[in-house]
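Colleague: Please see the structure below; I have some questions.
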Amino acid sequence: MFDTLSDRLENVFSGLRSKGRLTDADIDATAREIRIALLEADVALPVVKAFIASVKERSKGAEVSKALNPAQQVIKIVNEELVNILGGETRRLQFAKTPPTVILLAGLQGAGKTTLAGKLGKWLKAQGHSPMLVACDLQRPNAVTQLQVVGEQAGVEVYAPEPGNGVGDPVSVALNSIENAKHAMHDVVVVDTAGRTGIDQEMMQQAIGIRDAVQPNEILFVIDAMIGQDAINTAQAFRDGVGFTGVVLSKLDGDARGGAALSVRHVTGQPIMFASTGEKLDDFDVFHPERMASRILGMGDMLTLIEQA
Amino acid sequence: SAFGRGLLAVISKEQLDEDDWEDLEDNLLQADVGVAATTHIVEQLRTKSKVLGTASPDQLRNLLADELVEALSPEMDRTVRSKSTDGKPAIVMVVGVNGTGKTTTCGKLARVLVGDGNTVLMGAADTFRAAAADQLQTWGERVGVDVIRGPEQADPASVAFDAVKEGISRNVDTVLIDTAGRLHTKIGLMDELGKVGRVIAKHKPIEETLLVLDATTGQNGVVQAKVFTEVVDITGVVLTKLDGSAKGGIVISVQRELGVPVKLVGLGEGKDDLAPFDPREFVEGLLANG
Ligand SMILES: Nc1nc2c(ncn2[C@@H]2O[C@H](COP(=O)(O)OP(=O)(O)OP(=O)(O)O)[C@@H](O)[C@H]2O)c(=O)[nH]1
Ligand SMILES: Nc1nc2c(ncn2[C@@H]2O[C@H](COP(=O)(O)OP(=O)(O)OP(=O)(O)O)[C@@H](O)[C@H]2O)c(=O)[nH]1
Ligand SMILES: [Mg+2]
Ligand SMILES: [Mg+2]
């Protein structure tokens, strides 16, 4: 078994010299290996298929540079396509013309929403904003307490009028939070919501209710970097349900390749805005498409070589 | 497409073509079975179907289902060891990466055990994550089980030690130990988990260590399982969040890698949403469209 795509491709092309132009056989052999690498990186199958088709198209007739062997040539194309899809038009958070700016967090159970609320709070505060966190997860045991603790750690106010654990209506908390924020001069409101699966209609409807109550400027879809093929179904369900304007990839401090980034981007077109990289409130960064591309393909060194060629 | 596939089943064909095989393979890949395991299973199936003269996609699907059930070693013992023979409580420890459903599983498992007439105590050895002990406490109240907790940021091993000690002195049947989520790549945190296990063992051996795996997990699940096995003696897997759209196919490789069975499945956030793992039922879900 070969660990990385670079190893695999080196193997495919070992003994093969650059022939000036990529043959169809070269491209097919490379495409097979890339397909495996993408699947092992948890890129969703339909996305893999579409991606391979477009890479093949681009590779056909591509001139082989003197410096690169055919494998490197295709990898270069693959990498460019990946960065292209992952990066797109990267953009910053959209702020409201008249405050408060509202950021709504949504995602599956355990994805990292509540932790992200704390991270965003701390980050926004450091940038001179006066954020407020809103406890709209009244479902999961002690989600409210958890948000209060991270709010305290972040040094940010938390609006939590209901105890949760099944008590209170998240939509009315959401509604009241905006008036409260205006009154207390908070210019950004971050709304934490309960985790929900993509196929739970009732819970998705609740998220829509919260959304309509706060009219968010941004809806961030938080997704665990360890997720597999289901990323595509879930992303579609959230897109068609509550909707979202940006993506946050969480738990990137692990060793999952994070192919979900590609899947989600491919099916929804929404940009990946932030990376969550740990349990502590500072473990948070804006998203870097190039790093993600080489992470998905596991081809670190080879890219450096290609860049130098 | 589901429509196309449905049609295929109606017009039972005389011969299987490459598209049928590809459909099958795609089905497995999309359930997170993984490239290596999928290739292996499909290859075996090809041989078998040749021998048996399989002609229709329907027959093929049944053959595949059998193959998958077989891959899950249906003969394995899947009972949770919640009773001990040494006169002391059985210790069940719950471990896994962040957010998979450990605390929830503790609560649901306590509920099942109490329902079976056992006395249970829970230990909140997650002293790191915000409000983790409160969360377990709420579950304890829900299912009528006491929770032993330490001061905030306390040493998790010492909380686990105290919980087991208390369990012994109260003479309960089972002590459930909830631990903090940790990524398997964090060496310090993995060492800490090993220490929790060793400190409990000063009282008595642990009967059951359950690795909680989220059904949405992709190929990383296998690495997680391997690394956790290196620090604690995993005796069973719990597959959570099977009520969502994810199929959980990664457990096929995980079970083979670990040599320990999937014992329980999580089917929701309610207190009764825990069920024994049934290989046949799991496989039917895995092969179901959509
Ligand atoms: N290692 C790591 N852990 C994280 C990260 N983000 C969150 N976590 C952990 O993942 C677990 C779940 O995080 P939460 O913030 O509670 O997730 P959530 O989406 O609010 O969960 P629910 O409210 O239950 O749906 C906790 O143990 C967090 O500490 C991250 O970027 N890296
Ligand atoms: N839909 C569904 N949600 C579940 C299931 N099990 C747990 N959850 C939810 O997943 C989220 C995380 O569950 P926890 O029990 O807090 O997970 P954990 O592994 O203890 O998390 P950390 O301690 O932060 O690592 C919560 O929102 C739970 O309600 C399940 O089987 N199905
Ligand atoms: Mg939460
Ligand atoms: Mg927990």
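Colleague: How charged is the neighbourhood of residue A:141? Take every other residue with its Cβ under 11 Å from the Cβ of residue A:141, and add Lys/Arg as +1 and Asp/Glu as -1.
Modeller: Values: positive: A:140, B:142, B:271; negative: A:137, B:134, B:141, B:269.
Once all neighbours under 11 Å are counted, the net charge is -1.
Colleague: Of the cross-linked pairs A:125/B:241; A:280/B:195; A:76/A:97; A:97/B:102; A:113/A:182, which ones have a Cα-Cα span greater than 32 Å in the structure shown?
Modeller: Listed pairs above 32 Å: A:125/B:241; A:76/A:97; A:97/B:102.
Colleague: Would you calculate a helix-derived [θ] at 222 nm for the protein assembly as shown, using -39,500 (n - 2.57) for each DSSP H run of n ≥ 4 and dividing by the full residue count, to the nearest 500?
Modeller: -15000 deg cm²/dmol
Colleague: Once R0 is set to 56 Å, what does the formula 1/(1 + (r/R0)^6) return for the Cβ-Cβ distance between residue B:65 and residue A:125, expressed as a FRET efficiency to the nearest 0.05?
Modeller: 0.55
Colleague: Report, to the nearest 10°, how far helix B:18-29 tilts away from the longest principal axis of the Cα atoms in chain B, using its own Cα long axis and a range of 0 to 90°.
Modeller: Once rounded, the angle reads 10 degrees.
Colleague: Test of understanding: what is the full-extension gain from residue A:280 to residue A:60, defined as 0.36 nm times their sequence separation minus their Cα-Cα distance?
Modeller: Computed gain between residue A:280 and residue A:60 is 74.5 nm.
Colleague: For residue B:204, go through the aspartates and glutamates and keep the ones whose alpha-carbon is under 15 Å away, minus same-chain ones fewer than eight residues off.
Modeller: Qualifying aspartates and glutamates at Cα under 15 Å: B:86, B:162, B:166, B:173, B:233.
Colleague: If you don't mind, another one. Using a 1.4 angstrom probe with every protein chain in place, what is the largest-first accessible-area order of A:248, A:167?
Modeller: So, going from the largest accessible area down, we get A:167, A:248.
Colleague: Note the angle between two axes, namely the Cα long axis of helix A:70-87 and the longest principal axis of the Cα atoms of chain A, as a number of degrees from 0 to 90, rounded to the nearest 10.
Modeller: 20
Colleague: Using alpha-carbon pairs under 8 Å, 6+ residues apart, how would you state the relative contact order of chain A in percent? Please report the intermediate quantities before stating the final value.
Modeller: On the way: 582 pairs, mean separation 71.9, N = 309.
Worked out over chain A, it gives 23 percent.
Colleague: Another question, if that's okay. Among A:183, A:129, A:288, determine the one that fluctuates most according to a GNM of chain A built with springs between C-alpha atoms less than 10 Å apart.
Modeller: Residue with maximal mean-square fluctuation among A:183, A:129, A:288: A:183.
Colleague: List the pairs from B:108/B:165; B:88/B:263; B:165/B:247 whose alpha-carbon separation is above 29 Å, in the order I gave them.
Modeller: B:165/B:247
Colleague: So between residue A:208 and residue A:176, what do we pick up on full extension, going 0.36 nm a residue minus the alpha carbon distance?
Modeller: Taking 0.36 nm per residue and subtracting the Cα distance, the gain is 9.9 nm.
Colleague: Which residues' amide hydrogens lie under 5 Å from the amide hydrogen of residue A:191, considering only partners 5 or more residues apart or on another chain, with H built in the peptide plane?
Modeller: Result for residue A:191 returns A:103, A:104, A:105, A:134.
Colleague: Relative contact order for chain B using alpha-carbon pairs under 8 Å, separation at least 6, rounded to a whole percent?
Modeller: 23 percent.
Colleague: Here's another thing I want to ask about it. Straight-line reach from residue A:60: which aspartates and glutamates have Cα under 14 Å away, leaving out those fewer than 8 places along the same chain?
Modeller: By straight Cα distance, residue A:60 reaches A:24, A:26, A:28.
Colleague: Net charge near residue A:151, counting Lys/Arg +1 and Asp/Glu -1 over other residues with Cβ under 14 Å of its Cβ?
Modeller: With Lys, Arg at +1 and Asp, Glu at -1, the neighbours total 0.
Colleague: List the aspartates and glutamates whose alpha-carbon lies under 12 Å from that of residue A:49, not counting same-chain residues fewer than 8 positions away?
Modeller: Here the aspartates and glutamates satisfying the reach criterion relative to residue A:49 are B:26.
Colleague: As I understand it, the value is the acute angle between the Cα axis of helix A:45-59 and the longest principal axis of the Cα atoms of chain A; what does it come to in degrees, rounded to 10?
Modeller: Its long axis makes an angle of about 40 degrees.
Colleague: Here is a further query. Shape call for region A:70-115 from the C-alpha gyration tensor, a ≥ b ≥ c root eigenvalues: rounded (a/c under 1.5), prolate (a/b greater than b/c) or oblate?
Modeller: oblate
Colleague: Would you work out if the protein assembly as shown is rounded, prolate or oblate? Take a ≥ b ≥ c from the square roots of the eigenvalues of the alpha-carbon gyration tensor; rounded if a/c is under 1.5, else prolate when a/b is larger than b/c, oblate otherwise.
Modeller: Details: a/c = 1.73, a/b = 1.21, b/c = 1.43.
The shape class here is oblate.
The values are calculated or read from the model by the stated rules, or taken from the named source; none is laboratory data. Note that this is a predicted model, so its numbers are computed, not measured. Every residue, glycine as well, gets a Cβ built from its backbone with ideal geometry; the counts of neighbours run over all protein chains shown. Surface areas here come from the heavy atoms of the whole protein model, side chains and all, with no ligands, DNA or RNA. Shrake-Rupley method; radii C 1.70, N 1.55, O 1.52, S 1.80 Å.
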